[in-house]
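The values are calculated or read from the model by the stated rules, or taken from the named source; none is laboratory data. Note that this is a predicted model, so its numbers are computed, not measured. For neighbour counting, all protein chains shown are included, and Cβ atoms are generated from backbone atoms with ideal geometry for every residue, glycine included. SASA here: full protein model, heavy atoms, side chains in, ligands and nucleic acids out. Shrake-Rupley method; radii C 1.70, N 1.55, O 1.52, S 1.80 Å.
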Amino acid sequence: MTRRYQVFVHLKEGLADPQGKTIQEALPTLGYEGVSGVRVGKHIELTVEIDDPAKARAAVEEIAGRVLSNPVIEVFWIAEYAGGSGGSSSPGEGEALSGKASGPPGGEGEAE
């Protein structure tokens, strides 16, 4: 079975995010007031052809932790597209997964 995942990677809380700072500082000059906490990260989409959902998720978690992120300075979290292989799913329609991957921004540490 084909399963589609999204991996989101960003710098750990407390680390300087120069790209985010630059964007945040530019927003008022573009007419966007009151915006704060801008952070820049990566969004990666993967299609995995593994029938067992637990094995598919484990493979994506391993790829995210070993290849797509630097665990010293970055955190990641994973979402599976609703419907797995459905071709009409869009990025906003994912279902968040729990496990070794870190949760969305604002979360502390790694989820158990």
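Counted residue by residue at 0.36 nm each, then reduced by the alpha carbon distance between them, the extension gain from Leu15 to Val72 reaches 19.4 nm. In this structure Glu33 has an accessible area near 130 Å², from a 1.4 Å probe over the protein heavy atoms.
Between the beta carbons of Leu27 and Glu62, assuming R0 = 35 Å, the FRET efficiency works out to 0.40 to the nearest 0.05.
Of the chymotrypsin sites (Phe, Trp or Tyr not before Pro) found in segment 1-88, those in coil by DSSP whose Cβ has at most 11 other Cβ atoms within 10 Å are Tyr32.
Per-residue accessible area (protein heavy atoms, 1.4 Å probe) orders His43, His10 as His43, His10, starting from the largest.
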